[in-house]
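Student: One structure follows; several queries about it will come next.
The values are calculated or read from the model by the stated rules, or taken from the named source; none is laboratory data. These numbers come from a predicted model, not from an experiment. Neighbour counts are summed over all protein chains in view; Cβ atoms, including those assigned to glycine, are modelled from backbone coordinates with ideal geometry. Keep in mind that these areas ignore ligands, DNA and RNA; they rest on the heavy atoms of the full protein, side chains included. Shrake-Rupley method; radii C 1.70, N 1.55, O 1.52, S 1.80 Å.
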Amino acid sequence: MNAKSQRGWTKDPSELLRVGEGFRLADVDPDSKPGYDGRKKDGRADRHAGEEQLDELQERLYAQSREDPSAPAVLLVLQAMDSAGKGGIVRHVIGSTDPQGIHLAAFKKPTPEELEHDFLWRIAREVPEAGFIGVFDRSHYEDVLISKVRELAPPEEIERRYDAINAFEAGLVARGVRIVKVMLHISPEEQKARLGERLERPDKHWKYNPGDVDERMLWPRYMEAFQTVFDRTSTADAPWYVVPANAKWYARLAVQALLLDALEEIDPRWPAATFDVEQEKARLAAS
């Protein structure tokens, strides 16, 4: 189902971008813009048009949960190579909603306390409550990506984690959490250009991490690790979506479309008044 407010899609992005049987990451062109035939200005206009709809749906989701503790929630999982645009998604897509209904978690290197527990312990603590849109800027998938590429855990432990992730996410879905898992897919050439821009601009130096260059040297291994993640954890209830992200405007538009699609399917409802509306109107007029 195409988002009602975004008119430039020729095909449903939730179908085009979904990781299905036979999917190969190597076949995805990071410069492509699947299902969208407009240009940058059209994409930006569509995204701005979608902001009002996203804001209303998020408010309805939040309002519904105030009366119904079992109301649904949405969890957006963002994974990507460094500089792929996760922060831009948070700023330009999630940023158009009311922050009171947003729960953002950015997972960094595990702390000593977190390392004392199973890898999913810190993740479970950040799952959004009913009525919230949760955003994971990196996630539990770091533990089967970096850990696999850098050999931070033995192969049998990595294998265990794929099954643990599937069980964990199935449990969330059963509790009413709609999961939208997105990989922002950029090319190594685009990443190099973005990192170079950070070095050229003093206002971007704080975003530069010398370790990113070390990770670039392992690009093929990371792509293999992502492919394994898709093969093992893109399920019917919690599928992956791969969004070509060399064009930032397209990536932001596509992620907004995926969120709108999820919220439209949930179709949150405004809660009914728990008081006599007409009586309260009369009391207010007389006050």
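Student: Run through the DSSP bridge list for the chain and note the antiparallel percent, rounded to the nearest 5.
Tutor: 10
Student: In terms of the Cα gyration tensor, with a ≥ b ≥ c the square roots of its eigenvalues, is region 128-241 rounded because a/c is under 1.5, prolate because a/b exceeds b/c, or oblate?
Tutor: oblate
Student: Over the chain, with the other protein chains present, what is the accessible area per residue in square angstrom, probe 1.4 angstrom?
Tutor: 51
Student: Please list, in chain and number order, the residues 5+ apart from G134 or on another chain whose amide H is under 5 Å from its amide H, with Hs placed from the backbone.
Tutor: Placed amide hydrogens put V74, L75, L76, H103 under 5 Å from G134.
Student: Any idea what the relative contact order of region 1-149 is, in percent, if you count C-alpha pairs under 8 Å spaced at least 6 apart?
Tutor: Reported relative contact order: 27 percent.
Student: I would also like to ask the following. Size of the dipole of the chain about the Cα centre, Lys and Arg at +1 and Asp and Glu at -1 on the beta carbon, nothing else charged, in debye to 20?
Tutor: For the chain, the charge dipole is close to 880 debye.
Student: So, one more: Comparing D276, D37, D267, which has the greatest mean-square fluctuation in the GNM of the chain with Cα pairs linked when under 10 Å apart?
Tutor: Looking only at D276, D37, D267, the biggest GNM fluctuation is shown by D276.
Student: Also, I was wondering about something else. Could you check the simple spin-label distance between D12 and S70, using points 7 Å along Cα→Cβ, in nm with one decimal?
Tutor: If labels sit at D12 and S70, their model points lie 2.7 nm apart.
Student: For the pair R39 and A273, what calculated FRET efficiency results from E = 1/(1 + (r/R0)^6), where r is the Cβ-Cβ distance and R0 = 41 Å, to the nearest 0.05?
Tutor: After rounding to 0.05, the efficiency reads 0.35.
Student: Report the trypsin sites (Lys or Arg not before Pro) located in region 1-66 that are in a DSSP loop and have at most 10 other Cβ atoms inside 10 Å of their Cβ, or state none.
Tutor: Passing both the DSSP loop test and the Cβ count: R24.
Student: Now for a separate question. Enter the accessible area of S5 (Å², nearest 10), with the probe set to 1.4 Å and all protein chains included.
Tutor: 20
Student: Also, quick follow-up: Check N209: other-chain or 5+ apart residues with amide H under 5 Å from its amide H, H built from backbone geometry?
Tutor: HN-HN under 5 Å from N209: empty list.
Student: Right, another one. Quick one: with all protein chains in place, what share of the accessible area of the chain is carbon or sulfur, to the nearest percent (1.4 Å probe)?
Tutor: 50
Student: Right, another one. Taking H as built 1.01 Å from N, whose amide H comes closer than 5 Å to the amide H of A245, not counting residues under 5 places away?
Tutor: H185, I186
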